[in-house]
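The values are calculated or read from the model by the stated rules, or taken from the named source; none is laboratory data. Everything numeric in this text was worked out from a predicted model, so none of it was measured. Cβ: placed from backbone, ideal geometry, glycine included. Neighbour counts: every protein chain shown.
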Amino acid sequence: MAYIYASFSHKGERTKNEDSILIRSARIGNVDICLGVVCDGVGGLRKGEVASRLASEFMSDWFERMALKDRNEVDYDYLKKSMIKNTYKANSLIADFAERNNFRCATTISAFFLYDDKYFVINVGDSRIYIYSNGLHQLTTDDSAGNGVLTQCLGSSGEITVNTDEGVLRSKQALFICTDGFYADMDSEAVCDVICSATADTAGNEIRRIVCNCAKNGAQDNITAGFVRYEKNVRAKSATKKLFSAILPTKNKN
C-alpha cells in the first residue's frame, strides 16, 4: 500500500499568495501515514500569508513528531485526538502572534491524515476536502455565512469548533484539497481526470496544469489544490516519491 500525491499553489490575480499547502507521507512500523493541509489567509486582515504559513507549518511539525514515534505509541484513535488538539493549539498560536504584534490575522485550515486506508478530516473555515469516489463529494463543512464571510477561522477568536469527518479510502479513491479560489470555478471533470490518470511521475505536472488553467481564466483569488490517491499493493518507494515541495509563502524577514 502507498500513496500518490501532488500539490500546487498560484497567486492568481493577487499581488501575493496567502495560501499554503503541504502533503507529506511517512511510515511508522508497517503502517503508512500521510498528512494533507491547506490554509487560506483571511483577506482584509494583515499578514494573512503569515497566518496560513504558521498553521500549515505547525501541523507539519506535529506530523513529523508523530512519524518519529514508536508504532506502539501511535494508532488511528491517538492521531485523531492529537490532530484535533493541535488544531486548537494552532488557533491559540496565531491569536497570540497577532496580539504580540498588535494586529489581526487569521486563516482557514482543512487537513486530513491517512492511516493506511483510514482517513480523518478536520476543518475550520471554508477551504475544502473532497473524496473522489465515482465523482467528487465534499467531506468538510463550510464555516461561511455566504458572500465570502467566514463564521469562524483560526486566529480570529479564542473559541472555535473543529469540524470532523472520517471513513475508509478504497484503492484508487483519493482525497482532494483546495482553497475557495480553486473550487469557486472548479472544473470537476478535469479534477477527476487528473486524480484517475496521474502516476507518480506525472501527478506533479498534472495538478500544476489544472491550477494554472484556473489562473489563466482570470481567477481573482489565490488558487491552491492537491490530492492523495490510495494505491493498494504499490511499492511505497516509487509511489510516495515527493513530487512537489510544500509551497509556502516566503517568510517575512522583518
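Say we look at region 21-44 and pick out the residues that are within 18 Å of LEU150 (Cα to Cα) and at pLDDT 90 or above; which of these is surrounded by the most Cβ atoms within 10 Å (Cβ to Cβ)?
Once the filter is applied, the top-ranked residue is CYS39.
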Considering only residues that are acidic (Asp, Glu) and part of a loop (DSSP other than H, G, I, E, B), look in region 95-144 and name the one that is surrounded by the fewest Cβ atoms within 10 Å (Cβ to Cβ). ASP117
Against the conditions (1) surrounded by fewer than 16 Cβ atoms within 10 Å (Cβ to Cβ); (2) closer than 18 Å to ASP126 by Cβ, where does LYS85 fall short? Just the number, please. (2)
Subset of region 145-170 [part of a loop (DSSP other than H, G, I, E, B) and touching a residue at least 12 places away in the same chain (Cβ under 8 Å)]: GLY148, GLN152, CYS153, GLY155, SER156, SER157, GLY158, ILE160, THR161, VAL162, LEU169, ARG170
Could you list all residues from region 29-48 that are under 23 Å from TYR230 (Cβ atoms) and not in a loop (DSSP other than H, G, I, E, B)? VAL31, ASP32, ILE33, CYS34, LEU35, GLY36, VAL37, VAL38
Being under 30 Å from GLU13 (Cβ atoms), hydroxyl-bearing (Ser, Thr, Tyr) and in contact (Cβ under 8 Å) with a residue 60 or more places away in the chain: is that true of THR202 here? no
Checked region 55-78 for anything part of a helix (DSSP H, G or I) and out of contact with any strand residue (DSSP E or B) (no Cβ under 6 Å at 6 or more places or on another chain); matches are GLU57, PHE58, ASP61, TRP62, GLU64, ARG65, MET66, ASN72, GLU73, ASP77, TYR78
Looking at the structure I just gave you, is ILE84 over 29 Å from GLY167 (Cα atoms), within 18 Å of the chain's Cα centre (by Cα) and part of a helix (DSSP H, G or I)? no
For the subset of region 205-241 comprising residues that are surrounded by 15 or more Cβ atoms within 10 Å (Cβ to Cβ) and modelled with pLDDT under 75, which member is farthest from TYR119 (Cα to Cα)? LYS241
Scanning for something part of a loop (DSSP other than H, G, I, E, B), surrounded by 17 or more Cβ atoms within 10 Å (Cβ to Cβ), touching a strand residue (DSSP E or B) at 6+ places or on another chain (Cβ under 6 Å) and not hydroxyl-bearing (Ser, Thr, Tyr), does region 186-194 turn up at least one residue? no
Of ALA51, ALA6, ALA26, which residue is assigned to a helix (DSSP H, G or I), among the small types (Gly, Ala, Ser) and in contact with a helix residue (DSSP H, G or I) (Cβ under 7 Å, 6 or more places away or on another chain)? ALA51
Return a yes/no flag: does region 148-166 have any residue that is small (Gly, Ala, Ser) and at pLDDT 95 or above. no
So in region 195-204, with the set limited to residues that are part of a loop (DSSP other than H, G, I, E, B) and of a type in the set (A, V, I, L, M, F, W, C), which one is modelled with the highest pLDDT? ALA198
So in region 9-23, with the set limited to residues that are assigned to a strand (DSSP E or B) and in contact with a helix residue (DSSP H, G or I) (Cβ under 8 Å, 6 or more places away or on another chain), which one is farthest from ASN86 (Cα to Cα)? HIS10
Exactly one of (1) over 22 Å from CYS192 (Cα atoms); (2) at pLDDT 95 or above is unmet by ASP70. Its number? (2)
Would you please list the contacts, defined by Cβ atoms under 8 Å and residues six or more apart or on different chains, that run from a residue in region 40-57 that is on the phi > 0 side of the Ramachandran plot and charged (D, E, K, R) to a residue that is crowded, with 24+ Cβ neighbours inside 10 Å and not in a loop (DSSP other than H, G, I, E, B)? LYS47/GLY41
